[in-house]
Amino acid sequence: MSDNVVLFICVENACRSLMAEAMFNARAPPGWRAISAGTEPSSAPNPRTGPMLREIGLSLPSHPPQMLTGALMSLAARRVTMGCLDRASCPARLKSLPLEDWGLPDPGKLDDAGFRHVRDDLRQRVDRLVQDLKNGATPG
């Protein structure tokens, strides 16, 4: 049996979605895993993403920022955008598949305190998602 997938989507796949992937996979309910992708992926993670994850005992995912594809969208049982739905150019906005938007600011544009605030908010949201899935919440 293959795992159910949560797909975390942001613009660059350099901060928010990578952190969400790491957070989710560290506590994934049985039968679930996360992946992340970006609508306009960066060439590398934001240099602060790894250190900010290490502060909470986690590591960056092993993959570099990657492009959001139709195949990834179709693979996922849950799709979570980090705030790109407010961008007119976001391809995820045009998809007919259900998704939810967490509306988080890009921490790469914030100072370290702001980055940590987004990280901690993201951690609480991921924790709630993990708990919902453990309690049998249905996909989407």
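The values are calculated or read from the model by the stated rules, or taken from the named source; none is laboratory data. Given the structure is predicted, the values throughout are model-derived calculations rather than measurements. For neighbour counting, all protein chains shown are included, and Cβ atoms are generated from backbone atoms with ideal geometry for every residue, glycine included.
Remarks
- Remark: residue 59 matches the filter, which requires a residue to be surrounded by fewer than 18 Cβ atoms within 10 Å (Cβ to Cβ), within 16 Å of residue 116 (Cα to Cα), small (Gly, Ala, Ser) and modelled with pLDDT of 95 or more.
- Residues within the range 61-83 that are closer than 28 Å to residue 98 by Cβ and not in a helix (DSSP H, G or I), tallied: 16
- Tabulated pairs, the range 10-36, first of a type in the set (S, T, N, Q), second modelled with pLDDT of 95 or more and part of a helix (DSSP H, G or I), C-beta under 8 angstrom, 6+ apart or interchain: 36/17; 36/18; 36/20; 36/21
- For the range 1-11, the tally of residues that are within 22 Å of residue 47 (Cα to Cα) and touching a Leu at 6+ places or on another chain (Cβ under 9 Å) stands at 3.
Each row is one residue, and each column tells you yes or no for (1) more than 25 Å from residue 110 (Cα to Cα); (2) assigned to a loop (DSSP other than H, G, I, E, B); (3) in contact with a Pro (Cβ under 6 Å, 6 or more places away or on another chain).
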position: 6; (1), (2), (3): yes, no, no
position: 14; (1), (2), (3): no, yes, yes
position: 20; (1), (2), (3): no, no, no
position: 25; (1), (2), (3): yes, no, no
position: 29; (1), (2), (3): yes, yes, no
position: 33; (1), (2), (3): yes, no, no
position: 36; (1), (2), (3): no, no, no
position: 43; (1), (2), (3): no, yes, no
position: 46; (1), (2), (3): no, yes, no
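- Among the residues examined, residue 50 qualifies as free of Cβ contacts under 8 Å to residues at least 40 places away in the same chain, part of a helix (DSSP H, G or I) and out of contact with any strand residue (DSSP E or B) (no Cβ under 7 Å at 6 or more places or on another chain).
- Scanning the range 27-47 for residues that are of a type in the set (S, T, N, Q) and out of contact with any strand residue (DSSP E or B) (no Cβ under 8 Å at 6 or more places or on another chain) yields 42, 43, 46.
- Residues satisfying the stated conditions in the range 6-29, i.e. of a type in the set (Lys, Arg) and over 13 Å from residue 130 (Cα atoms): 16
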